[in-house]
Amino acid sequence: MRSSVPSRPVARRPSRGALGGAVIALVATVSACATTAPPGSRSASGSGVARGGGGVIQVVAAENFWGSIATQLGGSHVHVSSVITNPDTDPHSYEPTAADARTVTGAQYVIVNGIGYDAWADKLLATNPGSGRSELKVGDLVGIQPGGNPHRWYSPANVHQVIERITADYQRIDPADAAYFEQRKQTFEAQTLAQYDQLISDIRAKYAGTPIGASESIVTPLAEGLGLRMMTPETFLDAMSEGTDPTAADKATIDQQIKAKQIKVYVYNSQNSTPDVVAQVKLARSEGIPVSTVTETLAPAGDTFEQWQTTELEGLEQALHQATGK
């Protein structure tokens, strides 16, 4: 868990609507000449055929945190490509390439976050319509509309909903291997996610109701899942997530919460450390308030979903212990 404020400046996120024209042109160009890849035409090993049943399902995930889960649930019967894989890439403002559009065109199953988080992916989904491709929009699955908090991979309950849906979709696409996918899901939930689920349960049992502060709304679903009490004004959290300027009143409120020790722990997204956030982290530390970090995407990029989340949860648990003595 990284505990220091990174020196790398993070660019202000542009308006999500600004990318529309460029992406539409990109999709139109690729759609005009693209054809759908046949089932099982490509796999991680290059064989295109899974062991013991149907062909390898070609999967594209807009973000690597959903891609990691999809990979582990599918095993040798899927090939997963994630669009966002670099921790330095801001998924909000990513500009898809022609290669991304071609990859989506050849996919049988596409997973996007939705809720306005990856609006560029909606344009990619317009590639080769009517191909029979299956699509999962996480926001639609969990019932969060645009304008709601999009960071659903930080909601433990939503993560398990996604696991159930991906498994069901795999079974529908490749019914010959339905039993294989069911076994993968059971193993993933009972064994692979065991430490993740245990940490969530332990933190909720021991620290529910503990007041915390945060740098942006990415922390909110996690706080809700852990039963922690978010003290930071929602308007500040949303402004930081959207890349807009927070109000002076909100910044003053947060400074007062820190100085009066109304929060026990401050949690910040180290991939989006603006000057306001850096100032709050420094103030929290100067006041003896433990600081914990989260990131927007897998960090390091080679981690699995559960490795990444477990490391962050352990860091938060340590900060809560330090703050409360429990």
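The numbers here are math on the coordinates, done by the rules we state, and not lab data. Keep in mind that what you see is a predicted model, and the values were worked out from it rather than measured. Here the Cβ is made from the backbone with ideal geometry for all residues, glycine too, and neighbour counts use every protein chain on show.
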Estimate the FRET efficiency between Asp255 and Lys326 by the formula 1/(1 + (r/R0)^6), using the beta-carbon distance for r and 22 Å for R0, to the nearest 0.05.
0.25
Under 8 Å for C-alpha pairs, at least 6 residues apart: give me the relative contact order for the range 233-326, rounded to a whole percent.
25
Sort 219-230, 169-180, 186-197 for me by packing, meaning the mean count of neighbouring Cβ atoms within 10 Å per residue, highest on top.
219-230, 169-180, 186-197
For the pair Thr85 and Ala126, what calculated FRET efficiency results from E = 1/(1 + (r/R0)^6), where r is the Cβ-Cβ distance and R0 = 25 Å, to the nearest 0.05?
0.65
Calculate the spin-label point distance for Arg204 paired with Leu283, positioning each point 7 Å from the Cα along the beta-carbon direction, and give it in nanometres.
3.2
Just to be sure I understand the model, the point goes 7 Å from the Cα along the line to the Cβ. What's the resulting Ala157 to Glu314 distance in nm?
2.8
Measure out, as a whole number of angstrom, how far apart the alpha-carbon centroids of the range 198-215 and the range 68-129 sit.
32
Alpha-carbon centroids, the range 216-255 and the range 141-155: separation in whole Å:
16
Length gained when the stretch Gln307-Ala98 is fully extended (0.36 nm per residue, less Cα-Cα span)
72.1 nm
Which order do the peptides 107-116, 72-81, 157-166 come out in when sorted by mean C-beta neighbours inside 10 angstrom, highest first?
107-116, 72-81, 157-166
Straight-line reach check, Lys137, cutoff 21 Å on alpha carbons, 8 or more apart in-chain or any other chain, hits among lysines -> Lys123, Lys185
Within 10 Å, count the other beta carbons around each residue, average over each peptide in 309-320, 242-253, and list them highest first.
309-320, 242-253
Which distance in nm do the two modelled labels at Ala168 and Gln191 give, with both placed 7 Å along the Cα-to-Cβ direction?
2.6
Shape verdict for the range 196-324, please, from the Cα gyration tensor: rounded (a/c under 1.5), prolate (a/b greater than b/c) or oblate.
oblate
